[in-house]
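Below is one structure, written out as structure tokens; comments come after it.
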Amino acid sequence: HPILEQLANSVIIGRSKDAKAFTQQALDASIPLQQIVDDALVRAMGIVGEKFKRNEIFVPEMLVAARAMKESMILLEPLLAKAGIVPKYTAVIGTVQGDLHDIGKNLVAMMWKGANFRVIDLGTNVDPQKFIDAAKQHNPDLIGLSALLTTTMPAMKATVAALKAANLPKGKIMIGGAPITQQFADEIGADAYTADAGSAVEKAVELVG
Ligand code: B1M
């Protein structure tokens with residue numbers, strides 16, 4: 001649909017006002033809610049993730065795209081809730097204990113939302129027990145851990161160990177952050193490592209799908 005095409009484009013280039021206006025137009029044209037979400041928003045954030053991965057855009061562009069998506073979601077969310085349309089998957093995310101960096105974690109969380117995940121963001125400096133409590137409460141399909149400091153990598157290891165020991169019914173563990181590597185993920189038994197927010201969304205869909 002041409003309106004969805006325009007909505008997707010305004011999200012990709014991060015024009016919040018346009019995103020809001022095209023969302024309203026799509027609603028006025030009676031385009032089904034799920035179609036607006038899937039064909040415009042999820043698709044747009046997928047493209048944004050791809051561009052980011054290929055270094056065609058950088059953090060600021062990604063942030064404005066996420067903000068444009070948020071503007072659209074402000075209009076859609078109450079209608080989606082009323083129609084009983086809920087995100088298919090749930091994710092819990094947080095920055096590990098001792099670590100206060102949250103820009104990368106927030107980007108990953110926003111991209112996951114763009115892929116139609118319900119995201120419970122525990123914030124920064126999250127101790128292992130808090131991850132476990134949240135996992136028990138929300139029964140997530142995916143648990144994301146972020147660490148930006150070499151000194152908080154042991155906290156990440158401890159959190160993964162604690163989550164495994166908690167014997168949760170489900171919940172794949174994804175880790176990331178500047179000092180993290182695939183080798184470290186293998187060492188501590190995380191289910192996945194991704195290097196950037198674009199791959200984090202691709203991998204998330206692959207892990208839970
Ligand atoms: Co800090 N800091 N910092 N800092 N800081 C770094 C990380 C550092 C590399 C700077 C340096 O010295 N060159 C260094 C770490 C050195 C090391 O450990 N080897 C460092 C240090 C030392 C510190 C302090 C200790 C400084 C001090 O007080 N002496 C202190 C620690 C505080 C603490 O956490 N306890 C500290 C504090 C801070 C600020 C508060 C000032 C601020 C954070 C603000 C905030 O986050 N709200 C800050 C910042 C901004 C940085 C730098 C400059 C930028 C980090 C960032 O946001 N990058 C950073 C240096 C640098 O990287 N250039 C630095 C942008 C962001 C989009 O990237 O977070 O890597 P990133 O996320 C990426 C990927 O890693 C991945 O996707 C994201 C998007 O592509 N990713 C995931 C991240 N999480 C993921 C999770 C996933 C998957 C992918 O799955 C769940």
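In the range 50-142, the convex hull through the Cα atoms has an average projected area of 6.8 nm², a quarter of its surface area.
In this structure the amide hydrogen of LYS172, modeled in the peptide plane, comes within under 5 Å of the amide hydrogens of LEU142, ILE143, none closer than 5 places in sequence on its chain.
Rounded, prolate or oblate: which one fits the range 8-97, using the alpha carbon gyration tensor with axes a ≥ b ≥ c (rounded when a/c is under 1.5, else prolate when a/b beats b/c, else oblate)? Verdict is oblate for the range 8-97. Compared with the dominant principal axis of the Cα atoms in the chain, helix 16-28 is inclined by about 60°. Shape analysis of the range 96-209 places it in the rounded category; the axes a ≥ b ≥ c from the Cα gyration tensor give an a/c below 1.5.
Overall, the accessible surface of the chain at a probe of 1.4 angstrom is composed of carbon and sulfur to the extent of 54 percent. Ignoring aspartates and glutamates fewer than eight residues from LYS130 along the same chain, the ones with Cα atoms less than 15 angstrom from its Cα are ASP99, ASP121. Its Cα gyration tensor gives the chain an equivalent ellipsoid, and the semi-axes of that ellipsoid, as √(5λ) in whole Å with the largest first, are 31, 18, 13.
Rounded to the nearest 500, what is the 222 nm mean residue ellipticity of the chain from helices alone, with -39500 (n - 2.57) per DSSP H run of 4+ residues and division by all residues?
Per the formula, -17000 deg cm²/dmol.
The values are calculated or read from the model by the stated rules, or taken from the named source; none is laboratory data. Source: prediction; values computed, not measured. With ligands, DNA and RNA removed, areas are computed over all heavy atoms of the protein, side chains included. Shrake-Rupley method; radii C 1.70, N 1.55, O 1.52, S 1.80 Å.
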